[in-house]
1. Give the shape of the range A:1-139 as rounded, prolate or oblate, defined through the alpha-carbon gyration tensor: a ≥ b ≥ c are the square roots of its eigenvalues, a/c under 1.5 means rounded, and otherwise the shape is prolate if a/b is larger than b/c and oblate if not.
2. Going by average Cβ density within 10 Å per residue, which order do the peptides B:20-30, B:193-203, A:364-374, B:270-280 take, highest to lowest?
3. What size of dipole, in debye to the nearest 20, comes out for chain A about its Cα centre when the only charges are +1 on Lys and Arg C-beta atoms and -1 on Asp and Glu C-beta atoms?
4. With equal scatterers on the alpha carbons only and no solvent term, can you work out the Debye log10 of I(q)/I(0) for the range B:123-249 at 0.13, 0.16, 0.22 1/Å?
5. Compute the normalised compactness of the range A:219-300: alpha-carbon radius of gyration over 2.2 N^0.38 Å, N being the residue count.
6. Can you put A:Lys292, A:Lys49, A:Lys87 in order, fewest other beta carbons within 10 Å first?
7. Quick one: if you stick a label point 7 Å off each Cα along the C-beta vector at A:Arg35 and B:Arg286, how many nm between them?
8. Label A:Arg54 and B:Ala132 with points 7 Å out from Cα along Cα→Cβ: what is the distance between them in nm?
Protein chains: 2
Amino acid sequence: MARSGQVSPRGDLVRAAVLGLLGTRGASSRADIARVLGISPATVTQTTKELLQRELITELRSVPSNGGRPATLLGLVRAAGGAIGAKVTADHVAIVSVDLDGTVRTSRSVPFDPSRPAALEALAGILRDAVAAHDGQLLGVGVGLPGAVDSQTSGLVDAPTLGWSRSPVGRRLRDALGVPVLVDNDVNTLAAAQIVYGHGREYASFMVVTIGLGIGCGTVFQGSVSRGAHGGAGEIGHIPVTDDGPSCGCGNTGCLEAYVGEAGLLAAAVEAGAIGPRGTIATLARAARAGKPAAAAIYRDAGRLFGRTLAGVVHTVDPDLIVLMGEGIRDWALWETGFEESFRRQLMPARRGIRVLAESWSEDQWAVGAASLVLASPFDAVAAGAQGELVRARLQTPEAAR
Amino acid sequence: MARSGQVSPRGDLVRAAVLGLLGTRGASSRADIARVLGISPATVTQTTKELLQRELITELRSVPSNGGRPATLLGLVRAAGGAIGAKVTADHVAIVSVDLDGTVRTSRSVPFDPSRPAALEALAGILRDAVAAHDGQLLGVGVGLPGAVDSQTSGLVDAPTLGWSRSPVGRRLRDALGVPVLVDNDVNTLAAAQIVYGHGREYASFMVVTIGLGIGCGTVFQGSVSRGAHGGAGEIGHIPVTDDGPSCGCGNTGCLEAYVGEAGLLAAAVEAGAIGPRGTIATLARAARAGKPAAAAIYRDAGRLFGRTLAGVVHTVDPDLIVLMGEGIRDWALWETGFEESFRRQLMPARRGIRVLAESWSEDQWAVGAASLVLASPFDAVAAGAQGELVRARLQTPEAAR
DNA sequence: CCGCCTTTGTTCGAGGCTAAATTTAGTGAG
DNA sequence: CTCACTAAATTTAGCCTCGAACAAAGGCGG
């Protein structure tokens, strides 16, 4: 559904897309492949014939028919490859190694100081270890980080929270690792994961909104991530909500994030006496859960402001669905009352029914998202560009093209 | 530049795109056509050969070479067709008839009451007259209206300001007129015009923001209009800017439009004593121009609020450029001071350089935009859909397919 | 058991686009 | 004037995809 209407893939993209589909959605019939990828059955027959000959895929059992000829399921001969995903934050790098179907093989976290002059070299070193530790065919490395990335392929990064400006992350990592490297904004990587494994199967246009240290947002439009003119779309954390107000990491005052980001919540909570001056976000959440009114009010007010702002974003973008993710979502129950009241009330009547889903939080979420940049590249030729081509080449020739 | 990277047109789309290009950008060489449309020179040679045979285009003069073989310019044999554009408002319909290159042939305005039960029939009648009065090949009719339109082809409209809900505008007009009809949100039509004739030639991603009775916004992303999941994107006039505040036509309170739309400005001006209770927007603007402080303050405050909100929109969408249009733009000088100060200050540093251009206002703007839906359809197969195909058929067989 | 239906999957011819090589038509240096 | 160079336009061969017709394979009602 989400993919129908997508541009017909051409050239070896079809082969890659078929392989990617079998990897991400599991065994499928030829007819299904044709429907999902929006190509003709004739093309699927030809493509699969070739892939069968090369023994990249195999025919599995037939499924019982429901009135017509029973479908023959096709599956990958084996995990045709894996990917490594890394999420870079201000104090650590989270790394996962995943199979083509998205299952996490290994996962770890390494301390990291992005402000050091040689931070990029350090990052390259960390990833080099991960690449070396990966066994089996490695399709590529996906990197997610909090900042604007001009394109997945070139990977030129502006990330104020990391202290990086015009940093050539993509090029450096590529040179250091010798495998395809795709770089994107961290929230966009979550959106890419949703396209491949999540709600993208049912919805073509949705937004992924994250709550955590900051507030982020990735927009999926007609099955692919909208990145804006310079990869800077989705900075909803820096929507100004008041003319002045608390100052924000971005240098301005009155940003949404300055109110409802982790630091903003803590500052408000301390001022209101809801927690002591040394309290953490966990302290605050505990107090709110315990029913302490001042603490609960912090979350309720944050939910209201967040809801009001998100209503504006919905009016601007008109998504089908909003998916909430990120660390902060663990405490969503505390936000929800204030949010729902304010959000629904300030939506235009025609939009009031929009679905908002809070995903459960998992530690690996971000890094798995980064890995899915690689796994999504067969479906998103435009975004993945030249590095995506390399990924596709590797997907089709297990002995690692380069 | 803007169009490069666009999906290669296929099938008869190439012929239509070549004709459309020659119509909208004037005579071009084959090499230019190939570059702009992103197709191979070989295809252009083949396509133009056929069009030359059919005498739809002709070879014009050669241009002096700069080191290589001189280019031969190709041009349309004659105006290969025209289009009719109509903008529907709460009290009138503005209609223009344009040539393929966008020059306005005729223009008029007809009173119209959208709240009447038979409003759609009345609109069909008005347009039937326009179609009858049009001489020469008519490619189609474009209709722009203030509301959400699910798709240009089906033309199912939700327009609170017209009192229309789930109104089958497209289908009805099509049945009544017997020519291709494309329907879209009015601001999107301005955006379509910008793609074909305006800043779309230099920018691939920009926003068109209108100031007038309400505040609207159309987003162009990678050369085509982003419509959102249900054609409702760009309702930035209904971004909530306060928790409560003046009530708005959409049923909510505190919308941007309630403050800086025409009604909002007037209400604020009356309350501040800047104009009398019977004053109009013209009165207010005159007073402000004359230097009356209370009147000037109304505009300055509106500019500030508008700037702050637009900064948030820029953070969300990340366009390359903002084009300001609409009736209200006549008084932009009055808004500008407040706007610039607030807008730039509340933008993130990386975005602070974004260009904002105020287009000059012309009476026909809206209706010409609607007409350009038709003229843009060769370039935007996805948006224009089945009706676009009909337009393309008519573009290639002057004796009017149907 | 037998047609008739539905759905899957294949074959084949046609159309459309492209890359690469080639031809055409100029400029400009010596 | 000639030769090298450049860019435009064309030709050619080949690949990719699709539509349409057809074959395959089962369910279902009589």
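Bear in mind these aren't lab numbers, they're just calculated from the coordinates by the rules spelled out. Keep in mind that this is a model prediction, so the values were computed, not measured. As a convention, Cβ positions derive from the backbone with ideal geometry for all residues, glycine included, and neighbour counts pool all protein chains shown.
1. Numbers: a/c = 2.83, a/b = 2.45, b/c = 1.16.
In terms of gyration-tensor shape, prolate.
2. The packing order, highest mean first, is A:364-374, B:193-203, B:20-30, B:270-280.
3. Values: 38 positive and 38 negative charges, 189 e Å.
About 900 debye.
4. Ignoring solvent entirely, the Cα scatterers give -0.59, -0.86, -1.29.
5. Working: Rg = 16.0 Å, N = 82, 2.2 N^0.38 = 11.7 Å.
Taking N as the residue count of the range A:219-300, the ratio is 1.36.
6. Working: A:Lys292 15, A:Lys49 11, A:Lys87 26.
Least to most surrounded, the residues fall as A:Lys49, A:Lys292, A:Lys87.
7. 6.7 nm
8. 6.4 nm
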